[in-house]
1. Exactly one of these conditions fails for residue 48: (1) surrounded by fewer than 17 Cβ atoms within 10 Å (Cβ to Cβ); (2) under 28 Å from residue 3 (Cβ atoms). Give me its number.
2. May I ask you to verify whether residue 57 is surrounded by fewer than 21 Cβ atoms within 10 Å (Cβ to Cβ), of a type in the set (Asp, Glu) and touching a residue at least 24 places away in the same chain (Cβ under 8 Å)?
3. Just to verify a result, which residue in the range 95-127, among those that are of a type in the set (S, T, N, Q) and closer than 14 Å to residue 40 by Cβ, is surrounded by the most Cβ atoms within 10 Å (Cβ to Cβ)?
4. Within the range 16-23, can one find any residue that is surrounded by fewer than 15 Cβ atoms within 10 Å (Cβ to Cβ), in contact (Cβ under 8 Å) with a residue 60 or more places away in the chain, part of a strand (DSSP E or B) and in contact with a Phe, Trp or Tyr (Cβ under 7 Å, 6 or more places away or on another chain)?
5. Mind listing just one residue for me: the one in the range 79-94 that is in contact with a strand residue (DSSP E or B) (Cβ under 9 Å, 6 or more places away or on another chain) and surrounded by fewer than 16 Cβ atoms within 10 Å (Cβ to Cβ) and, of those, nearest to residue 8 (Cα to Cα)?
6. Could you tell me which residue of the range 24-37 is surrounded by the fewest Cβ atoms within 10 Å (Cβ to Cβ), considering only residues that are out of contact with any Lys or Arg (no Cβ under 9 Å at 6 or more places or on another chain) and closer than 17 Å to residue 68 by Cα?
7. Looking at the range 55-104, which of the residues that are of a type in the set (Val, Ile, Thr) and farther than 24 Å from residue 122 by Cα is nearest to the chain's Cα centre (by Cα)?
8. Please go through the range 51-74 and pick out each residue that is of a type outside the set (Gly, Ala, Ser) and touching a Lys or Arg at 6+ places or on another chain (Cβ under 6 Å).
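The values are calculated or read from the model by the stated rules, or taken from the named source; none is laboratory data. Here the structure is a predicted model, which is why all the values come from computation and not from measurement. Reconstructed Cβ throughout: ideal geometry from the backbone, glycine too, with neighbour counts over all protein chains shown.
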Amino acid sequence: MELNLSIGLKYKEEKTVKMEDTAKIFGSGAAEVFATPMMIGLMEAASMNCVKDYLPEGHSTVGTLVNVKHISATRVGKKVWAEAELIEIDRRRLVFKVTAYDEDKQIGEGTHERFIIDEEKFMSSLK
């Protein structure tokens, strides 16, 4: 499998926080603030999209490890975004530095690992 990936690739994924993105609705807390699982999902999406156009046809990535801190709360209606930077390539294992922000401040940081898969083989292994 030929990879056209290089250290330093970056991607930004953004959204506006809605009520369904809150800890209260998600079930991960009682507050009406951007839920940690939603922030992690945004970080994963940024990482996935960072490399998707560089993979061979029929290949994609799956998340395998998340190590992040959610360091500040965000209200409904605020714009949030996650930035992913590819910092390590070990055959099919990819490591990203991930950072999340809202309109006012940094809200999260950490690392995320993804593994390159052959989509057809991966799905057939689950049957």
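1. In the conditions (1) surrounded by fewer than 17 Cβ atoms within 10 Å (Cβ to Cβ); (2) under 28 Å from residue 3 (Cβ atoms), residue 48 misses (1) alone.
2. Here the answer is no, as residue 57 does not meet what is asked.
3. Result: 99.
4. No, every residue in the range 16-23 fails to be surrounded by fewer than 15 Cβ atoms within 10 Å (Cβ to Cβ), in contact (Cβ under 8 Å) with a residue 60 or more places away in the chain, part of a strand (DSSP E or B) and in contact with a Phe, Trp or Tyr (Cβ under 7 Å, 6 or more places away or on another chain).
5. That would be 87.
6. Residue satisfying both the conditions and the ranking: 28.
7. In this case the residue turns out to be 98.
8. 61
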